[in-house]
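In what follows, a single structure is set out as structure tokens and then discussed.
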Amino acid sequence: MKGAVHRGLKGRIGAELRLRQHNIDNRRGIVDADAQRHFVIDDVLPADVFDRLVERVAGETSWVRSSTTWRSGEAIGGHELEARMAEELAYLDGDDFIAKLRAVTGFDDLEFVPAVDTNRLSMLRYRNEGDRIDWHVDGSIYLGARWAGILTLVEKTFDEQAKLELMPHGELVNLPAASAPNSLVLFQGDHVRHRARPLVHGEERIVLSLLLSTWPVRTLNPFLRRYQSRVNLTFYGNPDP
């Protein structure tokens, strides 16, 4: 779905119907074979930007902890993150950063979802033994192609492979732990199964979670939006406004 998309009334109706069917298919384990690519951008942030961000995160105390049958860890939602770390995160809103992502993916209309969405740019931390998120595909509430980004800030692990794992086309993909810090993994998380393996005592993982779309307009479907609000409440302790 590269390039311009017809976004008039007819295009909107068609997109809404496709999104509804896509979420139904997701629950049945049906994903798009053409949406299984992933990209890794090493050293995605300038070194000084990365170092300042890691230093700032080390002293952060506003984490929201949650534990369910499928996920255990801590998070800071996008609204809280912007209020607390706007200066350290400013580079991600610049033209250079989004241009880099468009060049890598080949989607020239890729952009961040609106700031009203707490998932636009959030932070996740795993530091207790057993913290993890199980295999899943994400839901989607946006009319365009949905792209997730995982930008690793801290990857302290005893394993040679990073905790993030992907399964495009049903094949396991591991990433080297040594090169994980300051790398960005981009993939269509509503099509590619992924997880973060459980931590053992003494490990820690902190990542920025990015959400982008080629048509970042929210669905009008109240059921999809309600489901996303429940996810937000679980992760961040605060549903979307």
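Just so it is clear, none of the values below were taken in a lab; they were calculated from the coordinates. Worth saying up front: this structure is predicted, and the values here are computed from it rather than measured. Using ideal geometry, Cβ is built from the backbone for each residue, glycine included, and neighbour counts are taken over all protein chains shown.
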* **Euclidean distance between Cα centres, the stretch 217-241 to the stretch 155-193, Å** => 26 Å
* Asked: What ranking do Tyr236, Tyr91 get, fewest neighbouring Cβ atoms within 10 angstrom at the top?
  -> Tyr91, Tyr236
* **Part-to-part distance (alpha-carbon centres) for the stretch 84-140 and the stretch 10-70, which is given in Å** => 6 Å
* To do: Using a Gaussian network model of the chain whose springs link C-alpha atoms within less than 10 Å, name the residue from Met167, Met85, Met123 with the highest mean-square fluctuation.
  => Met85
* Counting other Cβ atoms within 10 Å, keep those with at most 16, restrict to DSSP loop, and tell me which trypsin sites (Lys or Arg not before Pro) in the stretch 1-109 are left. => Lys2, Arg7, Arg28, Arg37
* What relative contact order, as a whole-number percentage, does the chain give when Cα pairs under 8 Å and 6 or more residues apart are counted? -> 29 percent
* Asked: What number comes out for the charge environment of Glu82, summing +1 per Lys or Arg and -1 per Asp or Glu over other residues with Cβ under 12 Å away?
  -> -3
